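The values are calculated or read from the model by the stated rules, or taken from the named source; none is laboratory data. Given the structure is predicted, the values throughout are model-derived calculations rather than measurements. Every residue, glycine among them, receives a Cβ derived from its backbone with ideal geometry; neighbour counts consider all protein chains shown. Ligands, DNA and RNA are stripped out before the accessible areas are found, and what is left, the full protein with its side chains, is counted by its heavy atoms. Shrake-Rupley method; radii C 1.70, N 1.55, O 1.52, S 1.80 Å.
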Amino acid sequence: QVQLVESGGGLVQSGGSLRLSCAASGHTYTMGWFRQAPGKEREFVAAISWSGTSTSYADSVKGRFTISRDNAKNTVYLQMNILNLEDTAVYYCAAARQSLYYTHRDNPKLYDYWGQGTQVTVSS
């Protein structure tokens, strides 16, 4: 069983930046970030392959968010820039026990481990 612990959430003004971190207790393959706003379903944000050479993003965050990982630290990061009010949500880290094809990375059902979530609030 792999445990995931997110950190880095908080309150930021519109246009600002935050960096989320997710530390895994063991080896993982594809890792991703999802988010859930109040009253909405959980949605895909970004994912990264084990090697870090392949990344996927939701259209709503392309060009603003960057996912990366440090396998020596078993940690994945989400750099979020130019934040807007619509980015307010609880952000969840997820990890899969196998490599996910890039077209499947947005499917939360294919991830085996989930963090507890970290709140990101963007104010105007």
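Just the residues that are open to solvent by less than 80 Å² (accessible area, probe 1.4 Å), farther than 11 Å from residue 47 by Cβ and over 13 Å from the mean Cα position of the chain (by Cα), please, taken from segment 104-123.
Within segment 104-123, 112, 121, 122, 123 qualify.
Name every residue in segment 78-95 that is surrounded by fewer than 20 Cβ atoms within 10 Å (Cβ to Cβ) and either touching an Asp or Glu at 6+ places or on another chain (Cβ under 8 Å) or not charged (D, E, K, R) (or both), in order of residue number.
Across segment 78-95, the qualifying residues are 79, 81, 82, 84, 85, 88, 90.
I want to confirm something. Restricting to segment 64-83 and keeping residues that are among the hydrophobic types (A, V, I, L, M, F, W, C) and assigned to a loop (DSSP other than H, G, I, E, B), which single residue is nearest to residue 29 (Cα to Cα)?
So in segment 64-83, the residues among the hydrophobic types (A, V, I, L, M, F, W, C) come out as 65, 67, 72, 76, 78, 80, 82-83.
From what is left, the residues that are assigned to a loop (DSSP other than H, G, I, E, B) are 72, 82-83.
Working: 72: 13, 82: 29, 83: 28 Å.
It comes out as 72.
When only residues in segment 1-14 that are outside any strand (DSSP E or B), at pLDDT 95 or above and open to solvent by 50 Å² or more (accessible area, probe 1.4 Å) count, which is nearest to residue 99 (Cα to Cα)?
3
Please specify each residue of segment 93-112 satisfying the condition of being farther than 27 Å from residue 17 by Cβ and aromatic (Phe, Trp, Tyr).
Let us first name the residues in segment 93-112 that are farther than 27 Å from residue 17 by Cβ, namely 96-101, 103-104, 107, 109-110, 112.
Selection gives 101 alone.
Pick from segment 26-63 the residues that are in a loop (DSSP other than H, G, I, E, B) and of a type in the set (Phe, Trp, Tyr): which of them is most open to solvent (accessible area, probe 1.4 Å)?
50
What pairs can you find where one residue is in segment 101-124 and free of Cβ contacts under 8 Å to residues at least 40 places away in the same chain, the other is open to solvent by less than 80 Å² (accessible area, probe 1.4 Å) and assigned to a helix (DSSP H, G or I), and their Cβ atoms are less than 9 Å apart, with a gap of 6+ or different chains?
Pairs that qualify, where the first residue is free of Cβ contacts under 8 Å to residues at least 40 places away in the same chain and the partner is open to solvent by less than 80 Å² (accessible area, probe 1.4 Å) and assigned to a helix (DSSP H, G or I), are 104/110.
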